[in-house]
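Asker: Below is a structure I'd like to ask you about.
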Amino acid sequence: MEDEKKTGQELSKQSSAERAREKRKASVEEAARKQAEKEARRAAKKANESKAHKRARILLPICIILLALLIFFGWFFGFPNRAFTAVKVADGSKVNVAEYEYYYRSLYNYYSNMSQQYESYYGSYYGTGAGAMVTGFDHTKTPANQKFTAPAGSDLSVDKSYGKEPTWADYFEQTSIETAQKYTATYNLAKKAGYKMSKAEKRELSDFIEDLRQTAADNNYSLDAYLRTNYGRGMTEGLLKKIYEKQTVAGDFLKDKQKEYADKVSEDDITAEYKANPQDYTKVSLRYFSFSPELTADDKTKDEEITKANQKLKAKADAMLEKATADNFSSLAVENAAEDYKSYYEDNDTYTTMADASYETISGSVSKKAADWAYSADTKVGDKKVFAVKADTGLKSYFVLLKTKMASKDNTYPVSIRQILYMVSDDAEATEGSESTTHTDAEAKKLAQDTLSEWKNSSPTDAHFAELATAKTEDTGSAENGGLYENVTPTSSYVPEFLDWCFEAGRKVGDTGIIKTDYGYHIMYMKEIAKEPVWKSTIREQLSTKAYTDYENSITKADSLAEASGHWTKRVRSRVEKFAERVIANMNASNSTAGADSMLSAENIVSDGSAEEEAAAAE
């Protein structure tokens, strides 16, 4: 019984296993059937698919690839920079990113080049950093990596919105936005007034473009590639022409506005302004000498030491004041000067002379109290006084002033002259073969006489004199503008012989002559004599400038300032930073191989055209 029972259980188990296997087999077969049906439907659908669908299925990936390439090349050649807006102008017009970047890069190029030039000129005298000292901009650093420092004597500033310590990149951004708005708004006003480029201006534009094209060719670039490299991804020949036209037409419009406001200033306006601010339009003459502290003070210097040093210095100033007269002032200056500076006062009387000094000059050189005293009607010629100027350390400087001429209007009539210079050397033969052009005294004199005769015997006009000056003068400072010097006054910083000829009694327009100076022989030609004396023309200029400035500010008034795109201004700033890095790197490489005389111009920096560099510039 037990064996039979056991055998029944085993049969029962075997039957269960077989049933499971059969079930799995059936499931697999069902899945295979469904897959076969699915493949059959897919094959039938494919067989029935239209030719258009087949082409679409093939072309879609190709279109996607082509679209990607189109976007890449569009970006590469700067289409977005010409399509997107960087600055919205108050009058509703827009400035695209490429034009905004042009203004930004132009500012960088200008300051970088200027800084390099001053470094080249004055580096040997003042050492490394002379360029930054003069211009405020360090060409060895990128704009964002240096604090903004306004050049000496300028009124440049950066808006408070840029923080307490703005950078040069902040200044470039602010100025580029203002420039974009100014030129665009003014150009629109000029167009409404009927202004267009003249034929001469169109020729200048054409010449300008051809010069750029030649420069690009010299660097193995097409013009557009050269422009993209130097002025941004979106710059093209066409856009550059539009910017040039905008600036030219706007400039002509504003120039006429300046003349219009100058013509509006009446005699009554001039009289009223003079009565209100006489010190601004008169000048006095003084003799002066300064006593500088002999003690160097710091935080550890005792007050008693500073007081004693001040008292000692004041005693010297008072002693000089007691003796001083107009006749002995120079000898007293030599007597009181430090040993290292005595020779300066012995050789040059101007070190103690303030001739025709303005109120502003005296105030800046000494103090406001000194200027008030000098300009006071109660202060007579021969009056003298000591003025103290206190430094932050507590130490004082003392100035001895003696009045030699009462405040008066400058009734001089400014002149404009042309000149042709033939330089004279003490050893002209030694200079043969050198770059400089010099002659013996006799040679230079004969050249001057022959040239003046040539002018008189051919076409004795201002235009012909200008042509001769450009071709013949050895004065490099005036050759390019036909030997012209404008707004010359008796106090201008020219040699005495030059000024004596200009302001000789009876001098009239068209007069010519030959004078001899330390430089050589000058052929002089009187081009123009002003119609108003200096004091009156100064007032006219002041009043017209204020009126014109008010008008100019009304175009770009503060309550309707341009709206700038934060995204694009940041992108442009980043691109110019990278551009500046390449300029600096190339400059350093050039200096290391060619020496300090090889100064590299940012205008002429071009990339090697590599895809990597171009792509980096695009970002």
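Asker: Step through the table entries LYS316/LYS369; LYS369/LYS536; LYS369/LYS508; LYS275/LYS508; LYS323/LYS516; LYS283/LYS531, compare each Cα-Cα distance with 30 Å, and write down the pairs that go over it.
Answerer: Working: LYS316/LYS369 21 Å; LYS369/LYS536 27 Å; LYS369/LYS508 42 Å; LYS275/LYS508 32 Å; LYS323/LYS516 40 Å; LYS283/LYS531 21 Å.
Violating the 30 Å Cα-Cα cut-off are LYS369/LYS508; LYS275/LYS508; LYS323/LYS516.
Asker: How big is the range 351-404 along each principal axis, measuring the range of its Cα positions in Å and listing the largest first?
Answerer: 34, 21, 18
Asker: Now a separate question. Of all the accessible heavy-atom surface of the range 88-149, with the other protein chains kept in place and a 1.4 Å probe, what percent is carbon and sulfur?
Answerer: Details: 1370 of 2800 Å².
Carbon and sulfur: 49 percent of the exposed surface of the range 88-149.
Asker: Keeping every protein chain present and rolling a 1.4 Å probe, give me the accessible area per residue for the range 332-483 in Å². Write out the running numbers ahead of the final one.
Answerer: On the way: 8530 Å² over 152 residues.
Accessible surface, normalised per residue, equals 56 Å².
Asker: For the range 500-516, take each phi angle, set θ = phi - 60°, evaluate the Karplus expression 6.51 cos²θ - 1.76 cosθ + 1.60, and give the result in whole Hz per residue in order, putting x for glycine and proline.
Answerer: Taking θ as phi minus 60°, the curve returns 4, 5, 4, 10, 5, 4, x, 4, 9, 4, x, 5, 10, x, 10, 10, 10 Hz for the range 500-516.
Asker: To continue, here is another question. Once the convex hull of the C-alpha atoms of the range 236-314 is built, how many Å³ does it hold per residue, rounded to a whole number?
Answerer: Details: hull volume 22.9 nm³, N = 79.
That works out to 290 Å³ per residue.
Asker: Also, quick follow-up: What is the percent carbon and sulfur in the accessible area of the range 438-483, measuring with a 1.4 Å probe over the protein chains and ignoring ligands?
Answerer: Values: 1260 of 2520 Å².
Of the solvent-accessible surface of the range 438-483, carbon and sulfur hold 50 percent.
Asker: At 1.4 Å probe size, with every protein chain present, just tell me what the per residue accessible area of the range 151-294 comes to in Å².
Answerer: On the way: 7670 Å² over 144 residues.
Roughly 53 Å² per residue, with all protein chains present.
Asker: Would you work out what percent of the accessible area of the range 282-361, with all protein chains in place, is carbon or sulfur (probe 1.4 Å)? Don't skip to the end; give the middle numbers.
Answerer: Working: 2410 of 5160 Å².
Answer for the range 282-361: carbon and sulfur cover 47 percent of the accessible area.
The values are calculated or read from the model by the stated rules, or taken from the named source; none is laboratory data. All values reported here derive from a predicted model rather than from experimental measurement. For accessibility, only protein heavy atoms count, side chains too; no ligands or nucleic acids. Shrake-Rupley method; radii C 1.70, N 1.55, O 1.52, S 1.80 Å.
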